[in-house]
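Notes follow the structure.
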Amino acid sequence: MDDISATSFGFFLGGSDTSSITVTFTFYLLSIHPEIQDKLREDINTILARYNGQITYDSLNEMKYMKQVIDETMRIFPPVPILQRVCQEDYKIPGEDVIIEKGTTIFMPIIGYQHDEEYFSNPEIFDPDRFSERFGIMQTKIALTSILRKFKVTLNEKTKVPLKLDPKFALISAEGGLWLNFEKLPEIVDF
Ligand code: HEM
C-alpha cells in the first residue's frame with residue numbers, strides 16, 4: 001500500500017502538477033508581456049499551418065520559440081523551487097569553515113540560483129531569448145548541414161590518432177593539424 005500510495009502521489013504531483021504549474025506561470029508571463037505572447041502565437045500559427053493545423057509530436061518539436069518561453073518561465077518560476085538531498089559523507093565546504101555532516105538534509109534553493117545575477121544577467125527580466133540558440137551554434141549547424149549533405153568525411157592519414165592537443169594555443173588545437181578528406185557523395189538530395 002505504501003508503494004502504491006507513493007507512486008500515485010508521485011504521478012499526480014510530479015507528473016501532472018509540475019506541467020499545469022508551468023502552463024499557468026507561462027500564461028502569467030505572457031499576459032504581462034503581450035509582445036512576447038504575439039510573437040509566440042505567430043510562431044505557433046506559422047508552424048501549424050505546415051501541419052494542417054494539427055498538434056502533433058513533430059509540429060510541437062518544431063516550436064523552438066515555445067521551448068525558449070517555457071525554459072525562461074521555468075527559470076523565473078521553477079515548479080520545484082527547492083530540491084532536497086541527504087548528505088552521504090562528511091563534507092567540508094571549500095574555503096569555508098563549515099562541515100556538512102553525513103546524514104544532514106540539504107535544501108538546494110534552485111529558485112535562488114536561477115535569480116542570481118552571477119548566472120543570469122538581469123535575472124528579473126523575462127527574456128526567452130536567453131535560451132535561443134547562440135549564433136555560434138547556428139553557424140556550426142549551418143556548416144555541418146551544408147557539408148554533410150554533399151560529402152562523406154573521413155580521416156586523413158596525416159592526422160595523428162589519438163589526437164595530441166597543442167598546449168601553445170588558447171583555443172583548442174591539434175598538434176600537426178587536423179586533416180580530413182571530403183569525398184563528394186554521388187547522390188545529392190536537393191530540395
Ligand atoms: C514541466 C513538467 C515537469 C517539471 C518541471 C518536473 C520537475 C522535476 C524535477 C525538478 C525533478 C528532480 C527532483 C529531484 O531531483 O529532487 C524531477 C524528477 C522526476 N520527475 Fe519530473 N517534472 C516534470 C514533469 C514530469 C512528468 C510528466 C513525469 C512523469 C509522468 C515526471 C516524473 C519524474 C520522476 C519519476 C522524477 C524522478 C527522477 C529520478 O529521481 O531519477 N516529471 N522532475
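The values are calculated or read from the model by the stated rules, or taken from the named source; none is laboratory data. A quick note: this is a predicted structure, and the numbers were derived from the prediction, not measured. Cβ coordinates were reconstructed from backbone atoms using ideal geometry, including for glycine residues, and neighbour counts include every protein chain displayed.
Between 149, 134, the distinction of being among the basic types (Lys, Arg) and either within 30 Å of residue 70 (Cβ to Cβ) or in the same structural domain as residue 29 (by TED's automatic domain parsing) (or both) belongs to 134 only. Would you confirm whether any residue within segment 20-41 is in contact with a helix residue (DSSP H, G or I) (Cβ under 8 Å, 6 or more places away or on another chain), in the same structural domain as residue 124 (by TED's automatic domain parsing) and not in a helix (DSSP H, G or I)? Checked against the condition, which is being in contact with a helix residue (DSSP H, G or I) (Cβ under 8 Å, 6 or more places away or on another chain), in the same structural domain as residue 124 (by TED's automatic domain parsing) and not in a helix (DSSP H, G or I), segment 20-41 yields no hits at all.
Report whether or not residue 145 is farther than 23 Å from residue 14 by Cβ, of a type in the set (S, T, N, Q) and part of a helix (DSSP H, G or I).
It is true that residue 145 is farther than 23 Å from residue 14 by Cβ, of a type in the set (S, T, N, Q) and part of a helix (DSSP H, G or I).
Out of 32, 44, one residue alone is more than 12 Å from the ligand (Cβ to nearest atom), at pLDDT 90 or above and surrounded by fewer than 11 Cβ atoms within 10 Å (Cβ to Cβ). It is 32.
Conditions (1) in contact with a strand residue (DSSP E or B) (Cβ under 7 Å, 6 or more places away or on another chain); (2) in the same structural domain as residue 36 (by TED's automatic domain parsing); (3) over 30 Å from residue 40 (Cβ atoms), marked per residue:
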position: 109; (1), (2), (3): yes, yes, no
position: 125; (1), (2), (3): no, yes, no
position: 142; (1), (2), (3): no, no, no
position: 154; (1), (2), (3): yes, no, yes
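Among the residues of segment 62-82, just one is more than 30 Å from residue 108 (Cα to Cα) and within 16 Å of the ligand (Cβ to nearest atom), namely 63. Scanning segment 104-141 for residues that are surrounded by 12 or more Cβ atoms within 10 Å (Cβ to Cβ) and polar (S, T, N, Q) gives 104, 114, 132, 140. Before we move on, is residue 90 acidic (Asp, Glu), under 30 Å from residue 33 (Cα atoms) and in the same structural domain as residue 65 (by TED's automatic domain parsing)? Answer is no for this residue.
Annotation note: of 58, 2, 43, the sole residue that is out of contact with any Asp or Glu (no Cβ under 7 Å at 6 or more places or on another chain) and within 19 Å of residue 127 (Cα to Cα) is 43.
In segment 83-103, which residue that is surrounded by 10 or more Cβ atoms within 10 Å (Cβ to Cβ) and either within 16 Å of the ligand (Cβ to nearest atom) or outside any strand (DSSP E or B) (or both) is modelled with the lowest pLDDT? Out of the qualifying residues, it is 83. Which pairs have Cβ atoms under 6 Å, sit 6 or more apart or on different chains, and link a residue in segment 5-25 that is of a type in the set (Val, Ile, Thr) to one that is within 7 Å of the ligand (Cβ to nearest atom) and not in a helix (DSSP H, G or I)? So the pair list comes out as 18/79; 21/79; 22/79. Screening residue 106 on (1) among the aliphatic types (A, V, I, L, M); (2) closer than 30 Å to residue 178 by Cβ; (3) outside any helix (DSSP H, G or I) shows it passes everything except condition (2).
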